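Please treat every number below as a calculation from the coordinates, not as lab data. For clarity, every value in this text was computed on a predicted model and none was experimentally measured. A quick note on method: Cβ atoms are made from the backbone with ideal geometry, for glycine too, and the neighbour counts reach across all protein chains shown.
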Amino acid sequence: MIPLSPTGLASYAKAKGKYIGSAYDNAYISDSAYNQVVFPNVNQLTCENSMKWDSVEQTQGDFSTTLWADRVVNITILNGMTLRGHTLVWHSQLPSWVTGGSWTNATLTSVMVNHITGEMTKYKGKIHTWDVVNEALNEDGSLRTSLFYNLIGETYIDIAFKTAKSVDSAAILAINDYNVDGTGSKSTGMTNLVTRVKARGAPIEQIGIQAHLIVGSVPTTLSTNWNNFVNLGVSIAITELDIRMPTPATSANLAQQATDYVNVVTACLNISKCLGITFWGMSDAHSWVSSTFSGQGAACLYDESMQPKAAYTAVQSLLAS
Ligand code: XIL
C-alpha cells in the first residue's frame, strides 16, 4: 500500500475541504510505476470501466461473479479513500443482452430497476457518490436518444434516481455529463432537466461535470455555470478531468495546459458546494485520450514516463497556497 504523501495533491486539498481523485482500475494494480503517481496524490478513486453495466451484470440478473471492481473497492477501504460508483444507467458499454433485447417500456424499466438495485446492493455502504445517469444530453441540451429514452421517455431518469435512493439513501446521487463546463446550450439543458426531474420528486443531488477539456479552449464561464448548477440545490463535482492537446506536445501547449488546469481547479476551490476533483487518470501512459481522439494526447498531470508536468506543479502550488 502506498500512502498519501504529505505533499500529495489530496493532502493539500483536504485542508481546503475538497477531495482529489483519479480514475483507476484493476488493470493498473500491478503497475508499480503508475501506482507511485496515483496513490501519493489521491484520496478518492473512480473505476474507469469495471463498474459499468457490461462488467457488472454480464448475464441478466447475475451480480455474483467476482468482479474486477471488487479489487478496487477493497483498495479504497484499506486506504481510507472514497469511491465514486460509475455508472448505473448509460447508453454506452452495455452488455449485448441489453442492447440486443426486444424490450417494451415495462420490461426495460424492470431491467433498469433490477440493474440499479443489484449493483447498488452489492456495493452498499462502500460508495460515496453514484453516477446514477451518465451522458443523458445532446449538445443542444435536448435528451439524447438512447435505448432508455426511446422506450421509457424522460422519466427513465426519475425512475433511476428514485430506485437508487430506495437502495442506498446514504450515497450522493449524481447525473454526470461532458461539455457542461461553461455556459451554453448543453449546460442550459442540464439546468432545465435537473429542474424538471427534481420538480417531479426524483432526488438528483449532484451534477457531475466530466470536464474532458482542450488546451487553450477551457471556457471562461466555469464559475458562472457552476454557480448556476449549485443554485439548483445540488452539489457539483469535477468527475473526469483531463485537458488534451495535439501530439507531440509543445512546450507552449504544456505551459498553457498548466494555466488551464489551474483555472479549472480554482473554479472548484471557489465554490463551497464543489466537493472535489477526479482526474481521468494521473498519467499520459494510462489515459483514454490518445485512443479516442485522433492526434490528441498529453492530457494528464504526469507524462508517459510518470514524470510530473508543468500542470502538476502548478496544481500542487495552487492547492498548497
Ligand atoms: C472511458 C474509459 O476511459 C475508456 O477506457 C473506455 O474504453 C471508454 O470509456 N465519459 C465517461 C467515462 O463517463 O466512462 C468514459 O471512460 C470517458 C467519457
Two-site label geometry, Lys126 and Ser92: point separation in nm, points 7 Å out along Cα→Cβ: 2.5 nm
So what is Rg over Rh here for the stretch 231-308, counting just Cα atoms and using Kirkwood for Rh? 1.03
Around Gly85, which amide H atoms from residues at least 5 apart in sequence, or from another chain, sit under 5 Å from its own amide H, with H modelled in the peptide plane? His128, Thr129, Trp130, Asp131
In sequence order, calculated HN-Hα J values of the stretch 58-63 (Karplus, 6.51, -1.76, 1.60; Hz; x Gly/Pro): 5, 10, 3, x, 9, 10
Under a point-charge model restricted to the Cβ atoms of Lys and Arg (+1) and Asp and Glu (-1), what is the dipole moment magnitude of the chain relative to its Cα centre, in debye to the nearest 20? 860 debye
Computed over the chain: relative contact order in percent, which uses C-alpha pairs under 8 Å that are six or more apart: 17 percent
Using 7 Å Cα-to-Cβ label points, what is the Thr195/Thr221 separation (nm, one decimal)? 1.5 nm
Fewest to most Cβ atoms within 10 Å: Ile271, Ile172 sort as Ile271, Ile172
What angle do you read, to the nearest 10 degrees and between 0 and 90, between the alpha-carbon axis of helix 105-122 and the longest principal axis of the chain? 50 degrees
Please give the helix 251-269 orientation as an angle from the longest Cα principal axis of the chain, in degrees from 0 to 90, rounded to the nearest 10. 60 degrees
Can you give the longest run of the chain that contains no GluC sites (Glu not before Pro) sitting in a DSSP loop with at most 16 other Cβ atoms inside 10 Å? 155-303
With label points set 7 Å from each Cα along the Cα-to-Cβ direction at Thr65 and Phe293, the distance between them in nm comes to 3.2 nm
In µm²/s, what is D for the chain at 20 °C and 1.002 mPa s, where D = kT/(6 pi eta Rh) by Stokes-Einstein and Rh is the Kirkwood radius from Cα pairs? 108 µm²/s
Any of Lys18/Lys186; Lys14/Lys198; Lys52/Lys165; Lys14/Lys162 with alpha carbons more than 28 Å apart? Name them for me. Lys14/Lys198; Lys14/Lys162
Sort His212, His286, His91 so the one with the fewest other Cβ atoms within 10 Å of its own Cβ comes first. His91, His212, His286
